[in-house]
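See below for the structure under consideration.
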Amino acid sequence: MNIGQQILFFISALGAFNGILLSFYFFLSKKRRTLPAFFLGCLLLAISMRVVKSVFVSFNPDLPKVCLQVGLSACFLIGPFLYYFIRSVIKPVNKIPR
């Protein structure tokens, strides 16, 4: 791997890690315990998992097939999380129902 590929890998992995941290912030924040924040955290986590899978597969093609399935599962979840996030923003609910 040359220096250009290493920089690309670092920036891509940093972006995916940043998305994962931001999604956990939306999950665990006490003052943002609303339904849109929950769905936004889920959406960011699914997109970040998709980016992580793409980064690791493009720089290490010898990964097992299970890693490919994780990315496809995250891709499958992006649509429903986006739908419910938009729906919860349009029709606001103050707290997450228990």
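The values are calculated or read from the model by the stated rules, or taken from the named source; none is laboratory data. Here the structure is a predicted model, which means the values were calculated and not measured. Cβ coordinates were reconstructed from backbone atoms using ideal geometry, including for glycine residues, and neighbour counts include every protein chain displayed.
Summary of computed values
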quantity: Test: residue in the stretch 19-29 that is surrounded by 11 or more Cβ atoms within 10 Å (Cβ to Cβ), over 15 Å from the mean Cα position of the chain (by Cα) and part of a helix (DSSP H, G or I); calculated: no
quantity: Residue check, F56 at pLDDT 90 or above, surrounded by 12 or more Cβ atoms within 10 Å (Cβ to Cβ) and farther than 13 Å from I78 by Cβ; calculated: no
quantity: Scan of the stretch 28-70 for residues that are aromatic (F, W, Y) and closer than 22 Å to I90 by Cβ, ordered by number; calculated: F38, F39
quantity: Output for the stretch 74-96, where each listed residue is without any contact (Cβ under 8 Å) to a residue 12 or more places away in the chain and not β-branched (V, I, T); calculated: F76, G79, P80, Y83, R87, K91
